[in-house]
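The values are calculated or read from the model by the stated rules, or taken from the named source; none is laboratory data. Here the structure is a predicted model, which is why all the values come from computation and not from measurement. Note that each Cβ is placed from the backbone with ideal geometry, even for glycine, and that neighbours are counted across all protein chains shown. Remember, those area values only see protein heavy atoms, side chains included, never the ligands or the DNA or RNA. Shrake-Rupley method; radii C 1.70, N 1.55, O 1.52, S 1.80 Å.
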Amino acid sequence: MLKLNRRIAAIKPSATLAADARATEMKLAGIDVISLAAGEPDFDTPEHIKQAASKALAAGQTKYTAVSGTAALKNAIKLKLKRDNQLDYEPNEIIASAGAKQAEANVINALFDEGDEVIIPTPAWVSFAAMVSLSGAIPKFVPCPEATGFLLEPDTLRRAITPRTRGIMLNSPSNPTGAVYGAEQLIIFNSLSKTYAMTGWRIGFAAGPKEAIAAAGRLQSQNSGNPNSITQAAAIEALTGPQDVLKPMLEAFRKRNALVVERVRRIPGFKLPNVPQGAFYVFPNVSELLGSTFNGKQITDGDQLAAYLLDEAHVSMVGGNDFGASDHVRISYATSTENLNNAFDRVERAVAKLKG
Ligand SMILES: Cc1ncc(COP(=O)(O)O)c(C=O)c1O
């Protein structure tokens, strides 16, 4: 057998991307699957952002740029952080990367060493643990109860800290729970993927102490280089151009949130005590359905329930196992209200067929 790097050999593919890929495969095979698995808006990138990309292409902006992003993009990120988050960062405290994912991976690798502990409040985004493990550090999972809205409480955090603790991964709004933290973070990661419907463009950024950002920049310079030059031009327009293009998307997500909370709460066995305040996910507790059977096969965790709903209802969602909450499922509502209503009709019918 081909020998692989020990750390790479130990990681699995991202559970969310795998769930979405399975739904896409079934659709290609002609099956009418409704996907509530994807973590991406169903909206198209706004027109003025696409125009900025076309202009950059026509102007020949097709060469390498500064590894950590053009000066113009870093200024646009600086402006955004001030305008939207009331935070002051200088360009040398900012790095643009191919999505928040690459920024996170680079900073994690730049900061943590073998044996360091990194606290990951769970439920947590599926890739944090893999990123931390790949750096050689140890993910230290700290469960955050549903009763406190899945938020990390100061006492719980205090108890989890040891002399080896080097970092805490705070995710707000949380993927998968939608919970929102009010506190500031030391190193901030953000992305244009969801806000500006730009998942495929691959652009995100980190802002923090200049030593950490410079180290992530050195890693990026050796591993991949600058984020896509045309995408950077589009990102400048997204961040500094008219922001009112976001309003209809936000409005649609607000309506879908209300619809999905109502529909999920109506499904017997799906419990959703908290209304998520951000992102576009709900993360219902399905523990009442665990232990039930279909055709003699028992459903024992959220992943198996998601697999059952994909097979039986042709609705794709992501089981909670890789988020550190195996009695939950993650449902993305980044799809039309028609799809959502159809999907929940199907889920209700499939859940009614479960025995026990
Ligand atoms: C915490 C977190 N980081 C990164 C990502 C990916 O973002 P990007 O498309 O910017 O890489 C997501 C969602 O998919 C996320 O929830």
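A compact table of results
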item	result
Residue count for the stretch 224-244, restricted to those that are within 15 Å of the ligand (Cβ to nearest atom) and either of a type outside the set (V, I, T) or open to solvent by 50 Å² or more (accessible area, probe 1.4 Å) (or both)	8
Single match in A334, A325, A306 (criterion: closer than 24 Å to M26 by Cα, touching a Pro at 6+ places or on another chain (Cβ under 6 Å) and crowded, with 22+ Cβ neighbours inside 10 Å)	A334
Matching residues in the stretch 109-142 - criterion: being away from the ligand (no atom under 15 Å from the Cβ), under 25 Å from V329 (Cα atoms) and open to solvent by 30 Å² or more (accessible area, probe 1.4 Å)	S133, K140, F141
Any hit, the stretch 192-211, residues being open to solvent by 20 Å² or more (accessible area, probe 1.4 Å), within 16 Å of the ligand (Cβ to nearest atom) and over 19 Å from the mean Cα position of the chain (by Cα)	no
Number of positions in the stretch 255-291 that are more than 21 Å from D303 (Cβ to Cβ), open to solvent by less than 40 Å² (accessible area, probe 1.4 Å) and free of Cβ contacts under 8 Å to residues at least 40 places away in the same chain	1
Unmet criterion (only one of (1) out of contact with any Phe, Trp or Tyr (no Cβ under 9 Å at 6 or more places or on another chain); (2) under 17 Å from K78 (Cα atoms); (3) among the β-branched types (V, I, T)) for I188	(1)
Check on P154, surrounded by fewer than 22 Cβ atoms within 10 Å (Cβ to Cβ) and farther than 21 Å from Q220 by Cβ	yes
Enumeration of residues in the stretch 63-74 that are touching a residue at least 40 places away in the same chain (Cβ under 8 Å) and not in a loop (DSSP other than H, G, I, E, B)	A72, L73
The stretch 175-206: number of residues that are of a type in the set (S, T, Y) and touching a Cys at 6+ places or on another chain (Cβ under 9 Å)	1
Total residues in the stretch 24-50, condition crowded, with 19+ Cβ neighbours inside 10 Å and either more than 16 Å from the ligand (Cβ to nearest atom) or hydrophobic (A, V, I, L, M, F, W, C) (or both)	7
Output for the stretch 297-356, where each listed residue is under 25 Å from G278 (Cα atoms) and hydroxyl-bearing (S, T, Y)	S316, S326, S332, Y333, T335, S336, T337
